[in-house]
Amino acid sequence: MKTKAQKAQEIDSTKELLSENQSVIFADFTGVSFEHLKKLKSELKKAGATFKVVKKRLLKIAFKTLGLDFDPTQFESQVGIVAIPGDLSSGAGIAYKFSKSLAKEKKEFKFLGAYEIPERNFLNAEQFLAIAKLPSREVLLAQLVGVLSGPIRAFMYVLQERSKKMVETK
């Protein structure tokens, strides 16, 4: 059992983590081995995100002291948080891919929801998964460029064929 000083220190570190980041993902990590969590932490570190296990009661206190109206004790299982410095979509894909890789090994890493700190908005698990399944920003921009360049490419092809016909008729 932790002492009061240890609990206060954990609350302070959680408050600091929450204040430095814009989004938090809540996940149930029951049954996931330490080695798998270590792998998740290394993947998240590449994106600047972090994974931390916090007692729900201490997490509730950290939210309350930051002035955020959210109660993580509503979750029935253990809670691990993924703190993301940017918007939710930047770290959601990494966490979702990790959960899919664990599903192949018949282990479950279940998402409980997400919280966007600046907007003070809680997303349930279904809403979070809809965001997590989206392609990354770079992929979406590449798709947009492809869509926009398609008509231009087709127009250039038409002009090229027209110029060939003009040359043949002379």
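Name the one entry in 101, 19, 42, 13 that is assigned by TED's automatic domain parsing to the domain that holds residue 124, under 21 Å from residue 129 (Cα atoms) and among the hydroxyl-bearing types (Ser, Thr, Tyr).
Values: 19 fails: under 21 Å from residue 129 (Cα atoms); 42 fails: under 21 Å from residue 129 (Cα atoms); 13 fails: under 21 Å from residue 129 (Cα atoms).
Selected residue: 101, the only one of 101, 19, 42, 13 that is assigned by TED's automatic domain parsing to the domain that holds residue 124, under 21 Å from residue 129 (Cα atoms) and among the hydroxyl-bearing types (Ser, Thr, Tyr).
Of the residues making up the range 45-58, those that are under 19 Å from the mean Cα position of the chain (by Cα), surrounded by 14 or more Cβ atoms within 10 Å (Cβ to Cβ) and at pLDDT 85 or above number 5.
Residues in the range 66-92 that are among the aliphatic types (A, V, I, L, M) and more than 25 Å from residue 42 (Cβ to Cβ) were compared, and the one that is surrounded by the most Cβ atoms within 10 Å (Cβ to Cβ) is 68. For the condition out of contact with any Lys or Arg (no Cβ under 9 Å at 6 or more places or on another chain), modelled with pLDDT under 85, surrounded by fewer than 12 Cβ atoms within 10 Å (Cβ to Cβ) and within 17 Å of residue 47 (Cβ to Cβ), residue 139 qualifies. Against the condition touching a residue at least 12 places away in the same chain (Cβ under 8 Å), acidic (Asp, Glu) and on the phi < 0 side of the Ramachandran plot, how does residue 116 come out, does it pass? For residue 116, the condition - touching a residue at least 12 places away in the same chain (Cβ under 8 Å), acidic (Asp, Glu) and on the phi < 0 side of the Ramachandran plot - is met. Of the residues 26, 111, 63, the single one that is surrounded by 14 or more Cβ atoms within 10 Å (Cβ to Cβ), modelled with pLDDT of 90 or more and either assigned to a helix (DSSP H, G or I) or touching a strand residue (DSSP E or B) at 6+ places or on another chain (Cβ under 6 Å) (or both) is 26.
The values are calculated or read from the model by the stated rules, or taken from the named source; none is laboratory data. Given the structure is predicted, the values throughout are model-derived calculations rather than measurements. Note: ideal-geometry Cβ built from the backbone for every residue, glycine included; neighbour counts use all protein chains shown.
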